Amino acid sequence: MRRRVNAGEISGPNILLAGDIFPKGGHPVYLPPEIQLPEAANPDQAAQMARDDLAMGLDGMKLFTGVYMGDKPVINMDPAIAKAAVDVAHAQGRRVFAHPQNRTGMETVIAAKVDVMAHIVPSEAGYAPEQLASFKELGTALIPTLSMFSTTIPDSALAARVVQNGVSQVKAFSDNGGFILFGTDVGYMRRYDTSLEYELMHRALSERAVLASLTTNPAKFFKAARKGRVEKGFDADLVVLDGDPVADVGNLAKVAYTIRAGEIIYPKP
């Protein structure tokens with residue numbers, strides 16, 4: 001699909017892909033057991049997996065530094081294994097994401113110098129001061145995916161507690177000067193409407209800060225020098241909304257047009 005979009009055969013967005021690495025025995029409970037996952041038992045295996053994925057043309061890596069196992073304990077990735085993959089990716093100028101899951105997974109993010117935490121950590125009410133200091137020093141970014149927890153946890157009371165923990169984490173991370181990047185984990189969940197994510201993020205962030213998570217923050221974080229602003233000479237990659245998102249953050253979900261390189265790739269039906 002990416003090849004067809006880039007060749008102009010079909011209209012579509014700029015598609016970036018990441019390779020996955022799981023810890024040995026860390027097969028998430030939510031994935032069918034017959035799926036063969038890339039599991040690294042040692043640093044050499046992780047480094048080779050990263051080299052192979054990036055050689056295939058993938059744009060980065062995602063490490064499961066903590067794996068959800070249902071009613072069994074979380075399986076965490078050894079920091080040395082994570083760092084081996086990170087070192088390979090960073091040597092090629094590629095970013096690394098991590099699914100932390102618990103406090104140990106977060107500590108591995110810090111030890112391995114992972115670039116982006118994909119998800120808040122549901123079991124934690126907040127970050128420790130020393131963790132926030134490390135995130136700031138490393139320039140770590142956070143993708144909250146609050147609506148994913150809100151919609152996939154069947155116990156409504158538990159879901160509400162997890163979301164509140166997440167809101168606290170987002171606020172502390174942002175107040176500490178960290179980059180907040182937008183994401184919903186759609187695909188794992190089936191809620192394609194982004195309205196709820198904006199609403200939940202707005203509990204921790206201003207309207208302008210939520211807007212920045214979709215625009216200027218990713219442009220700066222991923223060093224996309226010609227994106228993030230409407231300016232002569234920049235890429236004409238734009239989203240036109242039906243309302244002012246600073247007046248109402250929910251207007252971010254009211255997309256009238258999506259434009260890539262000056263061409264409309266999505267008009268509102």
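The lone criterion from (1) surrounded by 12 or more Cβ atoms within 10 Å (Cβ to Cβ); (2) within 21 Å of the chain's Cα centre (by Cα); (3) in a loop (DSSP other than H, G, I, E, B); (4) not charged (D, E, K, R) left unmet by Ala82 is number (3).
Looking at Leu205, Leu252, Leu200, which one is more than 24 Å from Val96 (Cα to Cα), open to solvent by less than 20 Å² (accessible area, probe 1.4 Å), without any contact (Cβ under 8 Å) to a residue 60 or more places away in the chain and assigned to a loop (DSSP other than H, G, I, E, B)? Give the derivation first.
Details: Leu252 fails: assigned to a loop (DSSP other than H, G, I, E, B); Leu200 fails: assigned to a loop (DSSP other than H, G, I, E, B).
Answer to the check: Leu205.
On the stretch given as region 1-58, residues that are open to solvent by 50 Å² or more (accessible area, probe 1.4 Å), small (Gly, Ala, Ser) and part of a helix (DSSP H, G or I) total 1.
Take region 140-161 and flag every residue that is open to solvent by less than 10 Å² (accessible area, probe 1.4 Å) and of a type outside the set (Ser, Thr, Tyr). Explain how you work it out, then say what you get.
Taking region 140-161 as the starting set, the residues that turn out to be open to solvent by less than 10 Å² (accessible area, probe 1.4 Å) are 140-142, 144-147, 159.
Passing the criteria: Ala141, Leu142, Pro144, Leu146, Ala159.
Does His99 satisfy being touching a strand residue (DSSP E or B) at 6+ places or on another chain (Cβ under 9 Å) and more than 18 Å from Glu124 (Cβ to Cβ)? Criteria not met by His99.
Selection of region 159-197 for residues being without any contact (Cβ under 8 Å) to a residue 40 or more places away in the chain and in a helix (DSSP H, G or I) yields Ala159, Ala160, Arg161, Val163, Gln164, Val167, Lys171, Ser174, Asp175.
Taking the criterion of being part of a loop (DSSP other than H, G, I, E, B) and either of a type in the set (Gly, Ala, Ser) or closer than 18 Å to Asp78 by Cα (or both), the residues of region 98-120 that qualify are His99, Pro100, Gln101, Asn102, Lys113, Val114, Asp115. Considered as a group, the residues in region 92-120 that are open to solvent by less than 60 Å² (accessible area, probe 1.4 Å) and of a type in the set (Gly, Ala, Ser) include one that is farthest from Leu63 (Cα to Cα), and that residue is Ala111. Scanning region 121-139 for residues that are in a loop (DSSP other than H, G, I, E, B), more than 17 Å from the chain's Cα centre (by Cα) and either surrounded by 19 or more Cβ atoms within 10 Å (Cβ to Cβ) or modelled with pLDDT of 95 or more (or both) yields a single hit, Tyr127.
The values are calculated or read from the model by the stated rules, or taken from the named source; none is laboratory data. Just so you know, these numbers come straight off a predicted model, no measurement behind them. Cβ: placed from backbone, ideal geometry, glycine included. Neighbour counts: every protein chain shown. Surface accessibility is based on the protein's heavy atoms, side chains included, excluding ligands, DNA and RNA. Shrake-Rupley method; radii C 1.70, N 1.55, O 1.52, S 1.80 Å.
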